[in-house]
Amino acid sequence: PVCPGEPNDVRTAGEPAVVEGVKGRWRVTPELLDQAFKARTALLSPLDRLVFDRTRIAELFDFDYQLEMYKPAAKRRWGYWAMPVLHGDRLVGKLDATADRKAGVLRVNALHQDVPFTPAMTAAVRREIEDLAAWLRLTLVPASTR
């Protein structure tokens, strides 16, 4: 889809590629294909380019997601500004958290797991939430203590 302020395609960047099982035209940077994949866990902004195109994330990651800030609260599934959770090469859930600057806290309203989290995944996501709170200079209030 056309995105304001961005070209409709990547033109000649990288080399043409085929992604098995996914329709469309793709391009890759060949030098990056030879590098080892460095898996990590991250909380993504709802505006991150990886999750911005709902059709693409459904096809590539089998991930259902929509920014719900414009929906009435009663119709939201994941939260006002739910952040997709990336773990390794998979999108595995959504974090619904609220930064209450007046109270000085980051409240975790819910952590939606699209797949059951292993203990290692839970710990990695927890570290990311703690890092987010620290970056925002807020005290973390986990969902279980509310």
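The values are calculated or read from the model by the stated rules, or taken from the named source; none is laboratory data. Note that the coordinates shown come from a computational prediction; the quantities given were computed from them, not determined experimentally. Here Cβ is always computed from backbone atoms with ideal geometry, including for glycine, and neighbour counts include all displayed protein chains. These accessible areas exclude ligands, DNA and RNA; they are computed on the full protein's heavy atoms, side chains included. Shrake-Rupley method; radii C 1.70, N 1.55, O 1.52, S 1.80 Å.
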Legend entry - Subset of the range 18-54 that is touching a helix residue (DSSP H, G or I) at 6+ places or on another chain (Cβ under 9 Å) and of a type in the set (G, A, S) - its residue that is most open to solvent (accessible area, probe 1.4 Å): G21
Inset, instruction - Specify the residue that is nearest to the chain's Cα centre (by Cα); the eligible residues are those in the range 89-123 that are surrounded by 14 or more Cβ atoms within 10 Å (Cβ to Cβ) and in contact (Cβ under 8 Å) with a residue 40 or more places away in the chain. - result: L91
Legend entry - Test result for L132, modelled with pLDDT of 95 or more and either more than 27 Å from V22 (Cα to Cα) or surrounded by fewer than 17 Cβ atoms within 10 Å (Cβ to Cβ) (or both): yes
Inset, instruction - List the number of the failed condition for T12; all other conditions in (1) at pLDDT 85 or above; (2) open to solvent by 100 Å² or more (accessible area, probe 1.4 Å) hold. - result: (1)
Legend entry - Per-region count, the range 55-70, residues part of a loop (DSSP other than H, G, I, E, B) and open to solvent by less than 70 Å² (accessible area, probe 1.4 Å): 6
Legend entry - Test: A42 is closer than 28 Å to V125 by Cα and aliphatic (A, V, I, L, M): yes
Inset, instruction - Pick out the one residue from L86, L67 that is of a type outside the set (K, R), at pLDDT below 95 and within 27 Å of R137 (Cβ to Cβ). - result: L67
Legend entry - Residue satisfying condition, being touching a Gly at 6+ places or on another chain (Cβ under 7 Å) and small (G, A, S), within set A134, A39, A99: A39
